[in-house]
Structures are given as structure tokens and as C-alpha cells.
Amino acid sequence: MAIIDFLKKQFIDVIEWTDDSRDTLSYRFPDEDKEIKNGAQLIVRESQVAQFVYLGEFGDTFGPGKHTLTTDNIPVLTSLRSWKYAFNSPFKADVYYVVTRLFTGNKWGTANPVMMRDSDFGIVRLRAYGTYDFRIADPKKFLKEVAGTDDHFRLDEFNDAMRSRIVSVFSDALAQAKIPALDVAARYTELGEALMPIINPALGDKYGLAMTSFIVENVSVPPEVEQAIDKRSSMAAVGNLNDYVKFQMAQGMEKGNGGPGGMAAEMAVGMSMAQQMMNQQGGLMAQATPGVAAPAPAAGNVAADLLNPAQVAQMLGVAESDVMSSLESGDLKGKKIGTQWRVTRDAVNAFLAS
């Protein structure tokens, strides 16, 4: 009787593992340096796979069910052990249980900005985060590339190990998809669905994982890119810059803004209106007796009529960049002397009257 008890302690009759956690991905059966005897029972439950490893090489893989370990149903291990016919003596091998159920709500995110080439902004840096669901599809590849020889590999370890890898796969997928940054920041749901066919094959080939959903919750760009996006939106909303400048001036006059810029704008509008009245046939000036023509300005006063863009901007009450845009587009007539633009007061009045 004592001999039988001794033998029972030395050999493993039943191999099974009940997962009492919700965060275990793989678990190595504790053999306590015992050997597995011929005819031992292997029990694998639903959402589990049992993987034999012998001397660092993968042996047989068993799905859910009750299995009796004999030569017939462990052909790979039989080949590795070089059993020519059958094994009658106990043997040692590591047995890993791999959980194949779906793991949901896992977080991913970029610790550092991801560089990508964009059709609108050239090279741009993006930060992103979200969640994903996955399951283990290839136990051998998962054990080899992710879990290794860890005897109890949990979800928190997986997240630590895979966070940078997920981001790397996400970056590659984003580059392949060639989705503009403007669309990335506005179409999160579509983005995740578009990246899935690119991300899944990469995860499967490298790590033995199958991703069932990939959700992008937020994508952010650097402040300077945000400003460029805002400026582009403003330009699209403005449309005709000529009309926009006039609109800004009218707004300033309605609000009664003081200061040199506001006063100059009001004066310019008044001068333009007066000039139109003088030139209009049948106007007030046409009914009056013509007076003596005013003398032409002296040669020394010509420079006083030439304004630089900053002075025009102050006169109109707008930004200097708006004046430059109008000059370059030809809406506002000016002359380039060397590298500097110069505008006459008549050109400003003509611009306002147009």
C-alpha cells in the first residue's frame, strides 16, 4: 500500500485546470517535478486549449474534451521522444493551458506622437488612443512570441508587453490606409473599421492574435496643426477675401470701434462714397458750377500718397496678412518696389468701391 501511495505521488494521473480568474491568458500546469504516466487523463474545458512542450519544442495541441494520453493521440510528442512503437513508461513534458475566449475593452494609446505622411500637411505627428477586443487564435505562436515561459501570464502583463506593439501595428496600418489627418480626426468609427483588415493580418502573423474590434476614441494633432486646420476652415468659410475685408470694416463701424484703425476705415469709406457721388452723372457736383481745378500735388508729396501694407491694414482696420493676400491675388492694386509692396490711396479707394 505504501508503495502504491509513493507511485501516485511520483506520477500524474489527471491533468486539468479550472480558470477561476477573468484575466488569465495562459497557465502552465504545475507538475511539481512529477512525470506523466501512460494513459493519464487530460481534461480541457471550453475556451481552453492544452499545448504540450517537450524540451523547448512544441508537441501536440488538444482542444476541449477528455483525452487519454497514449501513443495514438500524441504523435508529435511520440516523434520528439523517438518512441518507435509505444511508450510504456512515464515521461516529462510541460503542459500549457491557453485561454481562447474573447477579451474585451483593452486600452491602447500612443505614449509618444506617431509620425505619418499626410497629403494636406506633409509630415504630421498624431496622438491617438482607444480600445480593442481580441482572442488568441494560434496558441503556439502566442506562447512563443508573447507569453514565453511565464507560468501564469495575465492580462496586465499582456497589456504592458503589447501596448507598444499595438501602436506600431496601428502606425503601419494608418500609413498604408493613407487617411488624411483631417479625416482621421473626424471619422473615428469608420477609421477603426478601415484599419481592421490591415491590423488583423499583422497581429495574426506576428503574435497569433485575432482582433475582433478596434475602436479609435480620440486622435489629436499638435497645436500648430490645429491652428492650420482652424485657419483652413476660416478661409473656406470666408470664400471671397475682398468681400470679407469689407464685411470686417462694416462690422467695425457698426460697433463704433475707436482708434486710428477704426477712424481711418470710416474715413476711407466716406472718401470712397464721396468720390462715387462726384463721378456719378447727374450728381450733386454735376449740377453745380465747375470750380477751379485743384493744383496737382507737388513732386515732393508723391511719397506721402504711397502706403505700405501695414499702413493699409491700419487704415482698413484688418490684419496685414489679409492686405498681403489681396495684393498677391490682384484684388488690391499695388506696386512692388524691390521686395516691398506700395499702395496708393487711390488704389485703396478703388478697392473699397469695387
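The values are calculated or read from the model by the stated rules, or taken from the named source; none is laboratory data. As the structure is a computational prediction, the values presented were derived from the model and not from experiment. All Cβ positions, glycine included, derive from the backbone under ideal geometry; neighbour counts span all protein chains shown. Surface accessibility is based on the protein's heavy atoms, side chains included, excluding ligands, DNA and RNA. Shrake-Rupley method; radii C 1.70, N 1.55, O 1.52, S 1.80 Å.
Here are the numbers:
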item	result
Subset of region 313-354 that is β-branched (V, I, T) and either in a helix (DSSP H, G or I) or touching a His at 6+ places or on another chain (Cβ under 7 Å) (or both) - its residue that is nearest to K231 (Cα to Cα)	V323
Set T131, T78, T68, T61: member being open to solvent by 10 Å² or more (accessible area, probe 1.4 Å) and touching a Lys or Arg at 6+ places or on another chain (Cβ under 6 Å)	T131
Within region 100-114, tally of residues that are under 17 Å from P222 (Cβ atoms), in contact with a strand residue (DSSP E or B) (Cβ under 6 Å, 6 or more places away or on another chain) and open to solvent by 40 Å² or more (accessible area, probe 1.4 Å)	1
Filter pass, A86 being among the aliphatic types (A, V, I, L, M) and at pLDDT below 80	yes
L182, sole failed condition from (1) modelled with pLDDT of 80 or more; (2) in a helix (DSSP H, G or I)	(1)
Residue in region 120-137 that is modelled with pLDDT under 85 and not in a strand (DSSP E or B) present	yes
Output for region 329-349, where each listed residue is out of contact with any strand residue (DSSP E or B) (no Cβ under 9 Å at 6 or more places or on another chain) and either open to solvent by 60 Å² or more (accessible area, probe 1.4 Å) or of a type in the set (D, E, K, R) (or both)	S329, D331, G338, T339, Q340, D346
Close pairs (6 angstrom Cβ cut-off, 6 or more residues apart or separate chains): more than 12 Å from D305 (Cβ to Cβ) and touching a residue at least 12 places away in the same chain (Cβ under 8 Å) in region 332-354, hydroxyl-bearing (S, T, Y) and surrounded by 21 or more Cβ atoms within 10 Å (Cβ to Cβ) anywhere	L332/S326
Hey, T104 assigned to a strand (DSSP E or B) and either of a type in the set (G, A, S) or touching a Gly at 6+ places or on another chain (Cβ under 8 Å) (or both) or not	no
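Each row is one residue, and each column tells you yes or no for (1) open to solvent by 50 Å² or more (accessible area, probe 1.4 Å); (2) within 19 Å of the chain's Cα centre (by Cα); (3) not charged (D, E, K, R).
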| site | (1), (2), (3) |
| --- | --- |
| R154 | yes, no, no |
| D160 | yes, no, no |
| D172 | yes, yes, no |
| A175 | yes, yes, yes |
